[in-house]
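**Q** I have a structure here, written as structure tokens, and I will follow up with some questions on it.
Throughout, read-outs are computed from the coordinates displayed, never taken from laboratory work. Since the structure is predicted, the reported quantities are computational estimates derived from the model, not experimental observations. Cβ sites come from the backbone with ideal geometry, for glycine too, and all protein chains shown count toward neighbours.
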């Protein structure tokens with residue numbers, strides 16, 4: 001019964017937001033997100049704890065401003081997601097500006113596939129959708145939603161532009177095959193992982209357990225790792241889909257150390273973006289939940 005109720009709620013929310021004009025859907029979604037956040041004290045504790053860990057010198061006023069910005073971005077993402085069925089190429093061109101796209105194209109033309117390094121910034125679900133509407137569909141790793149009906153609903157929207165979500169826990173063989181065909185795979189690398197799936201690398205000076213999958217896939221295939229982040233630009237009232245030059249990777253005879261070093265480099269890229277756009281990153285995730293052996297929990 002619960003499964004059906006959750007599915008009905010998700011379906012109804014998407015339909016309601018999708019039926020509203022975008023200029024109304026976005027503030028309505030922001031209101032809903034703020035209400036949901038206010039009803040979840042655990043999320044509030046995590047957000048404040050993360051900000052204290054990352055920016056210990058910030059005062060409460062600055063933290064509140066960043067959290068408010070994050071909630072606004074989450075609401076906007078919900079509205080944009082609900083409008084995916086309406087967004088053709090022309091609509092996307094009005095919403096999303098490509099920035100540094102030559103970095104992505106140059107990597108793609110090398111023929112070894114491209115791994116897009118990204119994180120939970122702004123309306124991150126819009127990034128692969130927009131890229132596909134611009135003519136470059138991709139596969140991307142996505143963690144399965146616990147409710148299978150909601151999972152299918154969300155993935156149906158994600159796939160409307162021709163993208164292909166790949167279940168994160170069963171991705172290795174599929175991703176390697178795609179890269180060897182010269183295709184594009186997006187990887188969100190800014191969430192906590194289990195010790196057996198990752199390595200500890202610095203994130204804001206604190207050891208953060210981070211998946212080694214991206215570094216391993218790049219090493220095995222020779223695919224270039226191109227940072228790609230969707231960010232809201234208030235100056236132009238549109239999103240920027242920004243691509244940076246590929247990350248310079250190390251490759252020696254010590255595979256384990258190379259994977260650790262390259263994973264650390266990936267996290268430095270993400271940290272730089274968080275520092276520059278703190279109000280657009282997802283602070284409600286327990287990024288430092290997994291601790292090195294012998295260290296006390298941070299949450």
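**Q** For residue 39 and residue 202, compute 0.36 nm times the residue count separating them, minus their Cα-Cα distance, and round to one decimal in nm. Mind dumping the intermediate values first?
**A** Details: separation 163, 0.36 × 163 = 58.68 nm, distance 3.22 nm.
So the extension gain works out to 55.5 nm.
**Q** Considering only DSSP beta bridges with both partners in segment 88-280, what is the antiparallel share in %, to the nearest 5?
**A** The answer is about 40 percent antiparallel.
**Q** Which order do 34, 240, 86 fall in if you start with the one that has the fewest other Cβ atoms within 10 Å?
**A** The order, fewest Cβ neighbours first, is 86, 34, 240.
**Q** May I pose another question? Name the residues of segment 24-63 whose amide N is less than 19 Å from a point 7 angstrom out from the Cα of residue 295 along the C-beta direction?
**A** 46-57
**Q** A further question follows. If packing is taken as the mean number of other Cβ atoms within 10 Å per residue, what is the order of 72-79, 105-112, highest first?
**A** Packing proxy ranking, top to bottom: 72-79, 105-112.
**Q** By how many nm would the segment from residue 48 to residue 181 grow when fully extended, if each residue of separation counts as 0.36 nm and the alpha-carbon distance is taken off?
**A** 43.5 nm
**Q** If each of residue 146 and residue 254 carries a label point 7 Å out from its Cα toward its Cβ, how far apart are those two points in nm?
**A** 4.1
**Q** Quote to one decimal, in nm, the extra length available between residue 94 and residue 285 on full extension: 0.36 nm per residue of separation minus the C-alpha distance between them.
**A** Stretched fully, the residue 94-residue 285 segment lengthens by 65.7 nm.
**Q** What's the ranking of 186-195, 61-70 by average number of surrounding C-beta atoms within 10 Å, highest first?
**A** With the highest mean Cβ count within 10 Å placed first, the list reads 186-195, 61-70.
**Q** What FRET efficiency would be calculated for the residue pair residue 156, residue 60, taking the C-beta separation as r and a Förster radius of 41 Å, to the nearest 0.05?
**A** About 0.50, to the nearest 0.05.
**Q** Sort 252, 263 so that the residue with the fewest other Cβ atoms within 10 Å of its own Cβ comes first and the one with the most comes last.
**A** Least to most surrounded, the residues fall as 252, 263.
**Q** So if we plug the beta-carbon distance of residue 15 and residue 174 into 1/(1 + (r/R0)^6) with R0 = 25 Å, what FRET efficiency do we get, rounded to 0.05?
**A** Rounded to the nearest 0.05, the efficiency is 0.20.
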